[in-house]
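**Student:** Structure in structure tokens, see below.
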Amino acid sequence: MFSQLPPYTNWASLEQDALQGWRDYQEVLEPEELHAVGIRYINRLEFPLEGFRLARYFTTPPVPPPALGWTFYGFAHQAFYAVQDSPCIVKVTIAPAFDVASKDNFAFVLDIDITLKESLAALGRELLETLAEMHDLKNKAFFNLLTDEALQRYT
């Protein structure tokens, strides 16, 4: 596992650092093969409380049962997506953040986790091409899960 906290640079730098960590690991422990590959991005997002609606910021927000008139007390929305013509699975979790944003904002966690359906060896795939595909899928998920209004705050 390789993690990076702020300040962030860019994908190329993160990938280079992670691969160097893998090479160091290989040198010391001499594993026979790499079994699991995945990338995970955990984003903390803040939106104004005034006029707040989930659908204002998320393209696929969770909704309470319409016929019951219930409102949310809390939620954690999680979905797993199979990607056509890809060995990847995209897991997305949207939930309120545990910390307090401010009295004027509502904070959320958008957790995007990309993994493989099978091991890298079983798929006969190369590590670098797989990481590039995963990074592309993460970007597609991020930019399609948030509305234009939400994206204006973070791009």
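The values are calculated or read from the model by the stated rules, or taken from the named source; none is laboratory data. This structure is a prediction, so every number in the text was calculated from the model and none was measured. Cβ placement follows ideal geometry from the backbone for every residue including glycine, while neighbour counts extend to all protein chains displayed. Accessible surface areas use protein heavy atoms only, side chains included; no ligands, DNA or RNA. Shrake-Rupley method; radii C 1.70, N 1.55, O 1.52, S 1.80 Å.
**Student:** For region 84-120, what are the residues that are in contact with a helix residue (DSSP H, G or I) (Cβ under 6 Å, 6 or more places away or on another chain) and either loosely packed, with under 15 Cβ neighbours inside 10 Å or outside any strand (DSSP E or B) (or both)?
**Tutor:** If the condition is that a residue be in contact with a helix residue (DSSP H, G or I) (Cβ under 6 Å, 6 or more places away or on another chain) and either loosely packed, with under 15 Cβ neighbours inside 10 Å or outside any strand (DSSP E or B) (or both), then Pro87 is the only one that fits.
**Student:** Still on this model: Here are some residues: Thr71, Thr60. Which one is among the hydroxyl-bearing types (Ser, Thr, Tyr), open to solvent by less than 80 Å² (accessible area, probe 1.4 Å) and assigned to a loop (DSSP other than H, G, I, E, B)?
**Tutor:** Result: Thr60 is the single residue among Thr71, Thr60 that is among the hydroxyl-bearing types (Ser, Thr, Tyr), open to solvent by less than 80 Å² (accessible area, probe 1.4 Å) and assigned to a loop (DSSP other than H, G, I, E, B).
**Student:** Also: If Lys91 satisfies all but one of (1) out of contact with any Lys or Arg (no Cβ under 9 Å at 6 or more places or on another chain); (2) closer than 22 Å to Phe142 by Cα; (3) not small (Gly, Ala, Ser), what's the number of the condition it fails?
**Tutor:** Result: Lys91 fails condition (1) only.
**Student:** Among the residues that make up region 58-69, is at least one of them farther than 30 Å from Thr130 by Cβ, within 19 Å of the chain's Cα centre (by Cα) and not aliphatic (A, V, I, L, M)?
**Tutor:** Looking for residues that are farther than 30 Å from Thr130 by Cβ, within 19 Å of the chain's Cα centre (by Cα) and not aliphatic (A, V, I, L, M), one finds at least one in region 58-69, hence yes.
**Student:** Separate question: Out of the residues in region 56-80 meeting the condition of being closer than 29 Å to Leu137 by Cβ and among the aromatic types (Phe, Trp, Tyr), tell me which one is modelled with the lowest pLDDT.
**Tutor:** Applying the filter and picking the extreme gives Phe72.
**Student:** What's the number of the condition Ala12 fails, among (1) surrounded by 11 or more Cβ atoms within 10 Å (Cβ to Cβ); (2) under 30 Å from Ala122 (Cα atoms)?
**Tutor:** (1)
**Student:** Within region 135-146, can one find any residue that is in a strand (DSSP E or B), open to solvent by less than 40 Å² (accessible area, probe 1.4 Å), out of contact with any Lys or Arg (no Cβ under 8 Å at 6 or more places or on another chain) and farther than 24 Å from Gln16 by Cα?
**Tutor:** Scanning region 135-146 turns up at least one residue that is in a strand (DSSP E or B), open to solvent by less than 40 Å² (accessible area, probe 1.4 Å), out of contact with any Lys or Arg (no Cβ under 8 Å at 6 or more places or on another chain) and farther than 24 Å from Gln16 by Cα.
**Student:** Does Ala36 fit the bill of being at pLDDT below 90, of a type in the set (A, V, I, L, M, F, W, C) and open to solvent by 60 Å² or more (accessible area, probe 1.4 Å)?
**Tutor:** yes
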